[in-house]
Structure formats: C-alpha cells, structure tokens
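Reading through the structure tokens given below for one structure.
The values are calculated or read from the model by the stated rules, or taken from the named source; none is laboratory data. Because the structure is a prediction, the values reported are computed rather than measured. Glycine also receives a Cβ, built like all others from the backbone with ideal geometry; neighbour counts cover every protein chain displayed. Note: areas computed on protein heavy atoms with side chains; ligands, DNA, RNA excluded. Shrake-Rupley method; radii C 1.70, N 1.55, O 1.52, S 1.80 Å.
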Amino acid sequence: MYKKILALVTKYWDVLSYLFFGGLTTVVSFAIYFFLQSGMHLSGTISNIISWVGAVAFAFLTNKPWVFKSHDWSMKTTLPELSKFVSCRVASGVMETGIIMVTVDILGWNSMVWKLIASILVVIANYFGSKFLVFRRK
C-alpha cells in the first residue's frame, strides 16, 4: 500500500506540488490585499494590483524550483522564464476578469459561484502555461 501511494505521489508530484504552492500563493495574495486595503486604507484596485504582483512573485519563486524543478538561476535561463511566467499570469488574469465581467457584471449571475469557477479555470490555465510554455524540460 505504501509503495502504491509513493508511486502515485511521485507520478503526480508536479500537480500535487502545484496545488500546494497555489494554495500558498492564494494566501499570500489575500494577506497582502487585506493588509493594504484594510490596514493601510488603500483602494481596492490598488490593493489588488499590489497583491497580484506579490502573488505572481511568490508563485514564480516557488514554482520554478519546487514544482517544475528548474534549478538554473542564471540570468540566461531565469529572465526568459520570468517573462513567459508573467505573460501567462497576465493572460489568465485577463481571462478571469473577462469571465467575471460577462457572468457577474453583464448577466448578473452569482458573484461567488463565478469567482470560484473563474479561479478554477485560472489555476488550470496557469498550470498548463507554466508546464508547457514557461518551464519546459529540455
């Protein structure tokens, strides 16, 4: 039984570790947002932008070595990875905003339900973007 579990964890390590660090990234994002918005009394928009930047930085620094096992931190490797990573995150952020705009703002559907659905789609898009565009194994 132990060997089967270990084999499954090994086989799906990138997905499991991505979900773990994705959860931590969400915590980082929310913590920064609430600190800035409630504690520092910045606007929601400014707080969200700053929290997005912090979350993307945290995600890159954790996903690169621990999820996708990219351990080359030379500028030659890291700068292209970082630019592709940020580009993917901007694209998924635009996708999420578009989903929320159409479903919640235009159609008037349930905000929390569609935020959850959009978040799930963003996590999936970010995983595949990171795996196949950013941290491709040579």
*Compare Ile50, Ile106, Ile32 in a GNM of the chain, Cα atoms joined below 10 Å, and give the one with the largest fluctuation.*
Ile106
*Keeping the other protein chains in place, figure out the carbon and sulfur percent of the accessible area of the chain, with a 1.4 Å probe.*
76
_Choice from Tyr18, Tyr33, Tyr127 showing the highest fluctuation, given a GNM over the chain with Cα pairs closer than 10 Å_ = Tyr33
*Only helical DSSP H runs with n ≥ 4 go in: add -39500 (n - 2.57) per run for the chain, normalise by residue count and round the 222 nm mean residue ellipticity to 500 deg cm²/dmol.*
-24000 deg cm²/dmol
*Using a Förster distance of 35 Å, how high is the FRET efficiency between Ile49 and Lys3, based on the Cβ-Cβ distance and rounded to 0.05?*
0.15
*Among Gly23, Gly93, Gly108, which one moves the most in a GNM of the chain with springs linking Cα atoms closer than 10 Å?*
Gly108
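Using a 1.4 angstrom probe on the protein heavy atoms only, line up Phe68, Phe132 by accessible area, largest first.
Accessible-area ranking of Phe68, Phe132, largest first: Phe132, Phe68.
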_In sequence order, calculated HN-Hα J values of region 66-76 (Karplus, 6.51, -1.76, 1.60; Hz; x Gly/Pro)_ = 8, 8, 9, 6, 9, 9, 8, 9, 5, 4, 4
_Quick check for you: with a 1.4 Å probe and neighbouring chains kept, what is the accessible area per residue of the chain, in Å²?_
66
*Using r as the Cβ-Cβ distance of Ser74 and Leu107, and R0 as 35 Å, what FRET efficiency do you calculate, to the nearest 0.05?*
0.15
*asked:* With a 1.4 Å probe and all protein chains kept in place, how do Asp72, Asp105 rank by accessible area, largest first?
replied: Asp105, Asp72
_Binning at 10 angstrom from zero up to the longest distance, how are the C-alpha pair distances of the chain distributed in percent?_
11, 35, 33, 16, 4, 0
_Quick check: Cα centre of region 1-40 to Cα centre of region 95-130, how many Å?_
19
*Give the relative contact order (percent, whole number) for the chain; include only Cα pairs under 8 Å separated by 6+ residues.*
22
